[in-house]
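The values are calculated or read from the model by the stated rules, or taken from the named source; none is laboratory data. Computed from a predicted model, the values in this text were never measured in an experiment. Cβ placement follows ideal geometry from the backbone for every residue including glycine, while neighbour counts extend to all protein chains displayed. Each accessible area value is taken on the protein alone, full model and side chains, heavy atoms only, with ligands, DNA and RNA left out. Shrake-Rupley method; radii C 1.70, N 1.55, O 1.52, S 1.80 Å.
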Amino acid sequence: MDFTLSDEQAMFAGTARALFGDMCGPDQWRAMMHDQVAFDATRWAAIAENGLSALLLPESAGGLGLTEIDFALIAIEAGYAALPEPLVESAGVAMPMLASLAADHALLADPASIVAIAPAINPAVASADGAQAILVEREGRALLVMRADARLTPVPTIDPLRRLFTIAFDTAQDLGPADWDLALDRAALFAAAQGMGLAQRCVDLAVAYAKDRTQFGKPIGSYQAVKHHLASAQVAIEFARPVVLAAAAVCPARDIYARARISEAKLVALAAADQAARAAIQVHGAMGYSWEVDVHLFLKRALALTQSWGTPHFHRARVAARVFNRPLGPDTTFARESNHA
């Protein structure tokens, strides 16, 4: 499978990388944690102005009509920057669902709109406090709850830049039956993509520290024990990368093969993120666990994403369903998924 990026894909990924790099760094994180907030209106306005919030929306709804692969590239950059704003949850999952259910809804007309999403599989809703509305799953249907009608209760979370809530409401608009399976697939895929970015940022932070930190008159990066830790983490990232991109490529197939690939991507990418974060913390020594060092924030984001949109047990079960319930062998394992729907 050819994963060479097109010029357009490279342009969008580069735009996101530059934007997040300029507006979402350690100084901004720490200011937000000090103020106990997880949303920056200026940064979100810039995201919307650059078209990143409308990538997956169909052109008929004012979007760009791009694919899961295109958005996965943006999610990688969001992970690399530990972006606090709900770009993935809103632009990657909730807004496309809203467009499929109510193409003329007023929220779709404004690229800066934020819609949170509350699937049955998640016990809490991410970033509901900054959303204009929340899509809630009820027995396979989608209920649209406006923020003014929602009662939010904060839920303790390991990640201070990813706020969670439970939701209660008395008034909601019933949008009808919704494709919550597609929402799960997209969210799991984009969580995997964020894991790729998180993992690479951890390795980059550790490499930079290992070049500057000296021990016994030499940079600690010159010692084999440090090199091996970081090399192993980078190998895990490189092995995960084609798994994530392959899952993004087959996501539209919507069959047992595509679901298994998406689940495998989430398992592999977030395991790589966990490995890279722990290796980076170890390279930093005991101070790696302190608030003064940035890398521990990436570990917390990786842990949070690992338990969102399906636990590891849930996704291993989806992989097992494909392995044990369908034929194996080169003629089926490597054939086009659409041949086995």
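Looking at the structure I just gave you, is residue 295 at pLDDT below 95 and crowded, with 22+ Cβ neighbours inside 10 Å? Yes: the conditions hold for residue 295. Of everything listed in (1) surrounded by fewer than 23 Cβ atoms within 10 Å (Cβ to Cβ); (2) touching a residue at least 60 places away in the same chain (Cβ under 8 Å); (3) within 20 Å of residue 287 (Cα to Cα); (4) not small (Gly, Ala, Ser), the single unmet condition for residue 230 is (2). Only one of (1) assigned to a helix (DSSP H, G or I); (2) of a type outside the set (Val, Ile, Thr); (3) in contact with an Asp or Glu (Cβ under 9 Å, 6 or more places away or on another chain) is not met by residue 107, so which one is it? Single failed check for residue 107: (3).
Residues that are surrounded by fewer than 17 Cβ atoms within 10 Å (Cβ to Cβ), part of a helix (DSSP H, G or I) and not aliphatic (A, V, I, L, M) within segment 6-27 comprise 7, 8, 14, 15, 21, 22, 26, 27, listed in sequence order.
Looking only at segment 214-258, count every residue that is in contact with a Lys or Arg (Cβ under 8 Å, 6 or more places away or on another chain) and not in a helix (DSSP H, G or I) and tell me the total. Of the residues in segment 214-258, 1 are in contact with a Lys or Arg (Cβ under 8 Å, 6 or more places away or on another chain) and not in a helix (DSSP H, G or I). Restricting attention to segment 280-292, the residues being open to solvent by less than 10 Å² (accessible area, probe 1.4 Å) and farther than 12 Å from residue 198 by Cβ number 2. Residues of segment 178-202 that are of a type in the set (A, V, I, L, M), open to solvent by 10 Å² or more (accessible area, probe 1.4 Å) and either at positive phi or touching a Leu at 6+ places or on another chain (Cβ under 9 Å) (or both): 178 alone. Residues that are of a type outside the set (A, V, I, L, M), modelled with pLDDT under 95 and open to solvent by less than 30 Å² (accessible area, probe 1.4 Å) within segment 302-341 comprise 322, 329, 332, 337, listed in sequence order. Looking at segment 82-104, can you tell me whether even one residue there is of a type in the set (D, E, K, R), surrounded by fewer than 17 Cβ atoms within 10 Å (Cβ to Cβ) and at pLDDT below 95? Yes, segment 82-104 contains a residue that is of a type in the set (D, E, K, R), surrounded by fewer than 17 Cβ atoms within 10 Å (Cβ to Cβ) and at pLDDT below 95. Residue under question is residue 162, and the condition is that it be charged (D, E, K, R), open to solvent by 10 Å² or more (accessible area, probe 1.4 Å) and closer than 23 Å to residue 314 by Cα; does it hold? Against the criterion (charged (D, E, K, R), open to solvent by 10 Å² or more (accessible area, probe 1.4 Å) and closer than 23 Å to residue 314 by Cα), residue 162 qualifies. Just one of the listed residues (120, 116) is farther than 15 Å from residue 48 by Cβ, touching a helix residue (DSSP H, G or I) at 6+ places or on another chain (Cβ under 9 Å), of a type in the set (A, V, I, L, M) and open to solvent by 10 Å² or more (accessible area, probe 1.4 Å), and it is 120. Just to verify a result, which residue in segment 145-159, among those that are surrounded by 15 or more Cβ atoms within 10 Å (Cβ to Cβ) and not acidic (Asp, Glu), is nearest to residue 294 (Cα to Cα)? Among those that are surrounded by 15 or more Cβ atoms within 10 Å (Cβ to Cβ) and not acidic (Asp, Glu), it is 157.
Scanning segment 273-324 for residues that are more than 15 Å from residue 202 (Cα to Cα), touching an Asp or Glu at 6+ places or on another chain (Cβ under 8 Å) and not hydroxyl-bearing (Ser, Thr, Tyr) gives 304, 315, 319.
Listed conditions (1) part of a helix (DSSP H, G or I); (2) basic (Lys, Arg); (3) under 18 Å from the mean Cα position of the chain (by Cα) are all met by residue 211, apart from (3).
Residues in segment 233-259 that are open to solvent by 60 Å² or more (accessible area, probe 1.4 Å) and closer than 21 Å to residue 271 by Cα: 235, 238, 239, 241, 259. Scanning segment 37-67 for residues that are over 25 Å from residue 183 (Cβ atoms), free of Cβ contacts under 8 Å to residues at least 24 places away in the same chain and not in a helix (DSSP H, G or I) yields a single hit, 37.
Scanning segment 134-181 for residues being of a type in the set (A, V, I, L, M, F, W, C) and either outside any strand (DSSP E or B) or more than 18 Å from residue 114 (Cβ to Cβ) (or both) gives a total of 8.
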